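Q: Dumping the structure here so I can ask a few things about it.
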Amino acid sequence: MAEIIRNGALHADDWEVLRLAEGQDAATVEVEHGRWIVPLAVWQAQREHLAARAEAGVLGVWLAGSDDPAQLADDLVRLQLVAVDFPKFADGRGYSIATLLRARLGYGGELRAIGNVLRDQFFFYLRCGFDVIQPQPGKYSAAQLQAALASLADFSEPYQGAVDRAEPLFRRVRREVRA
Amino acid sequence: MYKYDEYDQRIVDERVAQFRDQTRRYLAGELSDDEFRPLRLQNGLYIQRHAPMLRVAIPYGNLRAAQLRKLAHIARTYDRGYAHFTTRQNVQFNWPKLEDVPEILAELATVQMHAIQTSGSCIRNVTSDPFAGVAGDEHIDPRPWGEIVRQWSTFHPEFAFLPRKFKIAVNGAAEDRAVIQAHDIGLDLKHDAAGRIGFRVLVGGGLGRTPIIGEEIAAFVPWQHILSYCEAILRVYNLHGRRDNLYKARIKILVKALGIEEFRRQVDAEFAHLKDGPATLTEAEVARVAQHFDDPEYAELPAADAGFAARKAENKPFAAWAKRNVRAHKRAGYASVVLSLKPTGVAPGDISAEQLERVAELAERYSFGEVRVTHEQNLVLADVRQADLFELWQQVRDARLATPNIGLLTDIISCPGGDFCNLANAKSIPIANAIQARFDDLDYLFDIGEIELNISGCMNACGHHHVGHIGVLGVDKNGEEWYQVTIGGSQGNHTALGKVIGPSFAAHEMPDVVESLISVYLELRHADERFIDTVRRVGAEPFKTRVYAERAARLEDERKVVNG
């Protein structure tokens, strides 16, 4: 079972990410029993068939960096888990996608960062509205993840607003005026 | 200038702790090279030819005396006793040890400095006019806006991993002294017809491999909305900028691919959602930041100082320095002084630890303790009494910072080049030094007049060669260093990209090539015409013809010598 970070603590987790292999068809690929996070294309192709599992909270959908989150707009009310994939940790599209899901589309369910998610970016994921971070299995030891929890609070009072704290510093606090 | 409050200080201190831990994990083998790279780059740390290079941020080029002393201390303790000012108003150390960098950052934090986002694919240090607040042609002081943009962009969580680097510059005067047309976002402060403050916004400018002049995306964005508007631009870029090819990843490529109209449409659509949101600036916040840039306590002085005029009349070297290195000031009886970091034989922008301390002292004695860095790699004492200029000059001269060459041929902009930089195809500094040596005669230099010569060691264009009146670009030809020459580039309100004059030259030819260009100018110029004006009037042809004719003659001579 994988270790994930949820709301600042470690949890065991049995969600699996379905990735289409070369030649697999989104319309016909079988989503087995269990908790699966499926690609947007699979969700769109098999929505009727998968909707009940989504509403039961055992099926989620993940977006790639090239996916427009607005494509999920009508589904967000029934989805309890949406994930955003980071194909490379340096590919920052996921930060904007997460921000749009939360701030623009009003998504309130679980938002999970998956893929090549590294501990030195955990702070940024949280700020952009992810509440669950799922590093690749085996990437970190439990001890390393435990140590990484501290980095979630690297910066205690960030300047700009983001999903976690919408108001920028100048609205949150009264800053000193020079004497 | 801006002073940190507890929040600013805490962010910088937290950054030091974060990077200390990251460096520890890297050295312990817990972080791979690939994973550590963006982390160190976002702290300005490059792995260079000889040693790491650390780039320290100087937001919009403002420094105070205590910071200069700290830079001197770092140069002495962790480096080889000198530092290098860059074309983006930052400062670089060329020889620190990786394991010392957390300690260097901790030292910097004690004087309200940092290296945050001085490299990497993120929003870089914001730059501005080095004469902000003192120039007569200024409508609105850009420094508070530089600080507001700095705070907004610092650790912006959505834009920490952009497709490529992202540079913002702010200008607030009639003359653009911040090269805003060559930035990813150029912010031009202005008043609208009703007298309200806002920004003309340029987007998609940049030099580098594909030089492009920025285009206007918005004629006027009211100040309240400028951060939301920038956020809209950045979001469109972050989502749609190319990530498949490093050389096509800058925003300028996206703007060109979509066309400015379509890009504007996408930004406006995004802005419609963000406008009036929490990022909307408040009068209180702008006033809080702006008060840090209130005028210092100027004395009431006569417009022109009689002693200054008398000294100029009796002392020719002082008069030459006053003509080239002293600029008019908005206040009666004051002047701004440019300290030249371009004496012959020194790498442009280099300064020793002793000189840094000397400048700190002079700033305290003569200029309210503050110094600015120019993107031409010189320093400015912005607020000097005219009555003090002679005394100041004597001390600046003793410190070897009084070369009277500001704006002249030997005031060369140059990147560190192949002597230091891993990216470079060719060396820059020896070329700059050879040209300086050739044109070392001051009377000749004055006769040639205003001209900008910029050198880059590769097409990344850190030396801004595209916008030099004469531009020199180092290129690699089968493992050898060659130099391509452009003429007709310019910065400022009439920003233009230079045109290549023809085949490239060997390093040893460069002083001759520049001399050929100058000789054509001296023959063809009209009265009061600068080099660039003559190039614009007569075109590149006479210059090309002369350069290659004289080159052929030199090669012929060399052949004769070789053959006896």
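Q: Pull up all non-local amide H partners of B:THR403: gap of 5 or more, or a different chain, and H-to-H distance under 5 Å with H placed in the peptide plane.
A: Result for B:THR403 returns B:SER340.
Q: Okay, next question. Counting only protein heavy atoms and using a 1.4 Å probe, what share of the accessible area of the protein assembly as shown belongs to carbon plus sulfur, as a whole percent?
A: Roughly 50 percent, rounded to a whole number.
Q: Provide the gained length on full extension for the span B:TYR298 to B:ALA219, in nm with one decimal, where the gain is 0.36 nm per separating residue minus the Cα-Cα distance. Mind dumping the intermediate values first?
A: Working: separation 79, 0.36 × 79 = 28.44 nm, distance 3.55 nm.
Length gained between B:TYR298 and B:ALA219: 24.9 nm.
Q: So how do B:444-451, B:390-397, B:556-563 stack up, highest first, on mean other-Cβ count within 10 Å?
A: Most protected by this proxy first, the peptides run B:390-397, B:444-451, B:556-563.
Q: Might you tell me the accessible area per residue for region B:413-563, computed with a 1.4 Å probe and given in Å²?
A: That works out to 43 Å² for each residue.
Q: If you don't mind, another one. For region A:53-83 and region A:135-174, what is the centre-to-centre distance using only Cα atoms, to the nearest Å?
A: 24
Q: While we're on this one: What is the set of long-range amide H partners of A:TRP62 at a cut-off below 5 Å, with H atoms built 1.01 Å from backbone N?
A: Answer set, sorted by chain and number: A:VAL38, A:LEU40, A:ALA83.
Q: Which cysteines in chain B lack any other cysteine whose Cβ sits under 4.7 Å from their own Cβ?
A: Cys with no partner Cβ under 4.7 Å: B:CYS122, B:CYS230, B:CYS421, B:CYS458.
Q: Write down the radius of gyration of the protein assembly as shown and its Dmax, each obtained from C-alpha positions, in Å.
A: Rg and Dmax of the protein assembly as shown, Cα atoms, are 27.8, 95 Å.
Q: In whole Hz, with x marking every Gly and Pro, tabulate ³J(HN,Hα) for region A:98-114 from phi via Karplus 6.51 cos²θ - 1.76 cosθ + 1.60, θ = phi - 60°.
A: Each residue of region A:98-114 in turn: 4, 4, 5, 4, 7, 7, 9, 9, x, 5, x, x, 5, 10, 10, 8, 10 Hz.
Q: Another one. Per residue of B:147-157, how many C-beta atoms from partner chains lie within 10 Å of its own C-beta, taken as a mean?
A: Rounded to a whole number, the mean comes out at 5.
Q: With a 1.4 Å probe and all protein chains in place, put A:VAL58, B:VAL384 in order of accessible area, largest first.
A: A:VAL58, B:VAL384
Q: Moving on to the next point. How many partner chain Cβ atoms sit within 10 Å of a residue's Cβ in peptide A:83-96, on average, as a whole number?
A: 5
Q: Let me ask something additional. Would you mind checking the radius of gyration and Dmax of region B:138-229 based on alpha-carbon positions, in Å?
A: Gyration radius and largest Cα-Cα distance of region B:138-229: 13.1, 41 Å.
Q: In region A:119-155, what residues drop by 40 Å² or more of accessible area when the other protein chains are put back, versus the chain on its own? Use 1.4 Å, and skip ligands and nucleic acids.
A: With the partner chains in place, region A:119-155 has these residues losing at least 40 Å²: A:ARG119, A:ASP120, A:PHE124, A:ASP154, A:PHE155.
Q: Please compute the average number of Cβ atoms from other chains found within 10 Å of each residue's Cβ in peptide A:160-170.
A: Partner-chain Cβ atoms within 10 Å, mean over residues of A:160-170: 6.
Q: In debye, nearest 20: dipole of chain B around its Cα centre with unit charges on the Cβ of K, R (+) and D, E (-)? Each step should come with its number before you reach the end.
A: Details: 68 positive and 77 negative charges, 200 e Å.
Computed charge dipole of chain B: roughly 960 debye.
Q: Which ³J(HN,Hα) values in Hz, rounded to whole numbers, follow from the phi angles of region A:48-62 under the Karplus curve 6.51 cos²θ - 1.76 cosθ + 1.60, where θ = phi - 60° and Gly and Pro get x?
A: These are the phi-based 3J(HN,Hα) values: 4, 6, 9, 4, 5, 5, 4, 5, 7, x, 10, 9, x, 10, 10 Hz.
Q: Using Cα centres only, tell me the gap between region B:278-320 and region B:97-115 in whole Å.
A: One Cα centre to the other: 31 Å.
Q: Which distance in nm do the two modelled labels at A:HIS33 and B:VAL500 give, with both placed 7 Å along the Cα-to-Cβ direction?
A: The two pseudo-label positions are separated by 6.8 nm.
Q: Now for a separate question. Give me, ordered by chain and number, the residues 5 or more places off B:GLN117 or on other chains with an amide H under 5 Å from its own placed amide H.
A: Here the answer is B:ASN43, B:GLY44, since their amide H atoms fall under 5 Å of that of B:GLN117.
Q: On to the next question. Taking 20 °C and 1.002 mPa s as the conditions, I'd like the Stokes-Einstein D for region B:128-291 in µm²/s, using the Kirkwood hydrodynamic radius from alpha carbon pairs. Kindly include the intermediate steps, with their values, before the conclusion.
A: Details: Rh = 16.1 Å.
Calculated translational D: 133 µm²/s.
Q: Using only helices, what value at 222 nm comes out for the protein assembly as shown when you add -39,500 (n - 2.57) per DSSP H run of length 4 or more and divide by the total residues, to the nearest 500 deg cm²/dmol?
A: That comes out to -10500 deg cm²/dmol.
Q: Something else now. Calculate one ³J(HN,Hα) per residue across region B:508-518 by plugging θ = phi - 60° into the Karplus curve 6.51 cos²θ - 1.76 cosθ + 1.60, and present them in order as whole Hz with x for glycine and proline.
A: Values per residue, Gly and Pro as x: 5, 7, 4, x, 5, 4, 5, 5, 4, 4, 5 Hz.
Q: If you average the alpha carbon positions of region B:196-225 and of region B:390-424, how far apart do those two centres end up, in angstrom?
A: 31
Q: How much accessible area is lost when chains B and A come together, counting both sides, with a 1.4 Å probe, in Å² rounded to the nearest 100?
A: Values: alone 22330 and 10010 Å², together 28390 Å².
What B and A bury together is about 4000 Å².
Q: What area, in nm² and to one decimal, does the C-alpha convex hull of chain B cast on average over all directions?
A: The number I arrive at for chain B is 27.8 nm².
The values are calculated or read from the model by the stated rules, or taken from the named source; none is laboratory data. Just so you know, these numbers come straight off a predicted model, no measurement behind them. Here the Cβ is made from the backbone with ideal geometry for all residues, glycine too, and neighbour counts use every protein chain on show. Heads up: the accessible areas ignore ligands, DNA and RNA and are worked out on the full protein's heavy atoms, side chains in. Shrake-Rupley method; radii C 1.70, N 1.55, O 1.52, S 1.80 Å.
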